[in-house]
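First the structure, in the form of structure tokens, and then the observations on it.
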Amino acid sequence: MAGVHTHIGAYHILHGVDLVVPKGQVTLLLGRNGAGKTTTLRTLMGLWAASQGSIRWNGQDITATDTASRARLGVGYVPESMAVFADLTVAENLLLAAHKASRMEDVDAQRLQWIKQLFPAVETFWHYPAGKLSGGQKQMVAVARAVIEPRELLVIDEPSKGLAPAIVANLLEALKEVKRQGTTILLVEQNLAFARRLGDQVAVMEDGRIVHAASQADFIADQAAQQRYLGLSL
Amino acid sequence: MSTSTTAPTAATPAVPPAPKRDWIPVLLMPALALLGLPFIADVPVWLTLTLAGLAMGMIIFIIASGLTLVFGLMDVLNFGHGVFIALGAFVATTVFALLGGWVKSPDALTQLAAVFAAMLAAMLLAGAIGLVFERLLVRPVYGLHLKQILITMGGMIIGEELIKVFWGAQQVPLEPPMILRGSLSIGDAGVETYRIFATVIGLLVFASLVWVLSRTKIGLLIRAGVENGEMVESLGYRIRRLFVAVFVAGSALAGLGGVLWGLYQQNVIPQIGSQVNILIFIVIIIGGLGSISGALIGALLVGLLANYAGFLAPKAALFSNIALMVIILVWRPGGLYPVAKR
């Protein structure tokens, strides 16, 4: 993203965001509430239009590309609200995200097995309406849905929010595995203990701008930057 | 990329009790029918009214099914839905005029072929006009409810005037062919053949819709889109295209419903659609906006109550359905089968 501005109605939310997400790595997007992290993700997905600036994907300008086309490029998105389809079963939620499959039998069996191993709740509640699951189980379904087919980029917004520690630990292992499989991850997270166990790069937002970008190792070593931008030490 | 590596596993969560299907709304129909019995106090009359009510409900369901999906999927209030009903009914008058020989043929199958030809033509034309209606009137007002109401009502007025230009302002007779006239006796009760035919068509439409919605990917997308269109977009599907397809299908179903409603009334006027518009909105609100099963139950309840009230207290017929809607909304504010929303 280069110089991206986003307006929502009369409000000017993003003020020239410059963000590079390196391939195969996990980039943490940090910042206080209201800094513009979720807006950045939604603008990246095309859910809100960038009023200025450009968004490039593997060298191709996708600023004017619609959300569906961006997803088809290989971007999986898990919003903060999880957004599982409550009236659909877990299986149906997953089938929806498998573009090449019109029935569950068409989904790559090996991939499906991998998903079920990674997210046990998916198999346990396979035929249950997703709306009947707990918050943690819904989050598992949402992430599983996002990676039911290989994705180049997984965009995920505060996945550990409100979840029990055991579920967070499961989620962490699952995301590590997704990363190991070669998926690039852009992660917004307030739970820094969780985030630092995944991250490679850090970008800090303030007032709709990226104010600091570094490798995670450098950021962890830079106590002054942590204090200045986050008000705490990692 | 290989996915054959062993993934880390977590403890398998405990399986909760299987979710129960909500049967209470389904039980409302027999409950209403039984409630009507002591008031009517004559079993053959009650049976006749009940079967007539179910047939009327089936026709209303056919008309309402498309509208409930249109609202559920894109939050679009289409008050112009009635124009597709009128269009379907008038197309049927033209097809019957063109195929007069078939309609009056002594062969039952040829008579039915004329009815099916009218239904097919009505669906095709209503669907095509629906495509134009969506492009010209609905698309510019996405997300603007007040403007949607005004512009779609305006669209219906224009549509009715255009119908007058093509077919005239007068009432046009639309009588079913001989095979669908007369009645069958069940005990001392008489059931019109046409009502049985309409019920069968309604059941076929319901079964087809349920099959598409529950067994196909496109149906899955529609159900997901009704819940959260933005997330469907984020999964790589263009919700607008899906909406246009549903709008066209909904218009076609309204056209089909128009043929059945016209044959039920046995005559057609340009306002035939706007006259049932209120009933249709009552049905989709009762059912839960976006719910096909809810629309079916809502339509059958409205059909039953309209017939009972029409017999017991004709002046209270329309009021009775509004009262039914109020009672159901007090009990379940989202309708009988509320659709989960983002």
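The values are calculated or read from the model by the stated rules, or taken from the named source; none is laboratory data. Since we're looking at a predicted model, the values are computed, not measured. Neighbour counts run over all protein chains shown; Cβ positions are idealised from the backbone, glycine included. The accessibility values were calculated without ligands, DNA or RNA, using every heavy atom of the protein model including side chains. Shrake-Rupley method; radii C 1.70, N 1.55, O 1.52, S 1.80 Å.
General observations
- Near residue A:228: Cβ cut-off under 10 Å, other residues only, Lys/Arg at +1 and Asp/Glu at -1. The net charge is -2.
- The Cα center of the stretch B:126-192 and the Cα center of the stretch B:35-61 differ in position by 25 Å.
- For the stretch B:198-232, residues shielded by at least 20 square angstrom of accessible area compared with the chain on its own, probe 1.4 Å: B:217, B:220, B:223, B:224, B:227, B:228, B:230, B:231
- Considering only B:268, B:276, B:70, the Gaussian network model of chain B with Cα springs below 10 Å gives its largest mean-square fluctuation to B:276.
- Within-13-Å neighbourhood charge of residue A:101 [Cβ basis; K, R +1; D, E -1]: 0
- Among the protein heavy atoms of the stretch A:84-150, carbon and sulfur supply 47% of the accessible surface, probe 1.4 Å, non-protein parts ignored.
- Taking amide H positions as modeled 1.01 Å from N, with prolines and chain starts lacking one, the residues under 5 Å from residue A:14 and 5 or more places away or on another chain are A:6.
- With R₀ set to 22 Å, the beta-carbon distance separating residue B:22 from residue B:318 gives a calculated FRET efficiency near 0.15.
- Efficiency of FRET between residue B:131 and residue B:214 - r from beta-carbon atoms, R0 30 angstrom, step 0.05: 0.70
- Of A:179/B:217; A:161/B:20; A:116/A:161, pairs whose Cα-Cα distance is over 26 Å: A:179/B:217; A:161/B:20
- Largest GNM mean-square fluctuation among B:57, B:154, B:225, using chain B with Cα springs under 10 Å: B:154.
- B/A buried area, accessible surface, summed, 1.4 Å probe, Å²: 3500
- For trypsin sites (Lys or Arg not before Pro), the sites in the stretch A:33-108 that DSSP calls loop and that have at most 11 other Cβ atoms within 10 Å are A:100, A:103.
- Rounded if a/c under 1.5, otherwise prolate or oblate - the stretch A:64-133, Cα gyration tensor axes: oblate
- With helices as the sole contributors, chain B gives -24000 deg cm²/dmol at 222 nm; each DSSP H run of n ≥ 4 counts as -39500 (n - 2.57), and the sum is divided by every residue.
- Within the straight-line cut-off of under 12 Å between alpha carbons, the aspartates and glutamates reachable from residue A:37 are A:80, A:157, A:158, A:189, A:206, A:207, sequence neighbours fewer than 8 places apart in one chain being disregarded.
- Computed with a 1.4 Å probe over protein heavy atoms only, the accessible surface of chain A comes to 39 Å² per residue.
- Partners for residue B:147 among lysines (Cα-Cα distance below 28 Å; same-chain residues under 8 apart left out): B:164, B:341
- Whether the stretch B:25-331 is rounded, prolate or oblate, judged on the alpha carbon gyration tensor where a/c under 1.5 counts as rounded: oblate
- Helix-derived mean residue ellipticity, 222 nm - over chain A, DSSP H n ≥ 4, -39500 (n - 2.57), to 500: -10000 deg cm²/dmol
- Reach of residue A:100 by Cα under 19 Å, taken over aspartates and glutamates that are not fewer than 8 positions away in the same chain: A:92, A:108, A:149, A:152, B:233
- Across peptide A:78-86, the mean count of Cβ atoms from other chains lying within 10 Å of each residue's own Cβ comes to 5.
- The mean number of partner chain beta-carbon atoms within 10 angstrom of a residue's beta-carbon across peptide B:256-268 is 0.
- Extension gain, residue B:185 to residue B:116, is 22.3 nm, computed as 0.36 nm per intervening residue step minus the present C-alpha separation.
- Residues of the stretch A:120-162 whose accessible area, computed with a 1.4 Å probe over protein heavy atoms, drops by at least 40 Å² once all protein chains are present relative to their chain alone are A:120, A:124, A:125, A:128.
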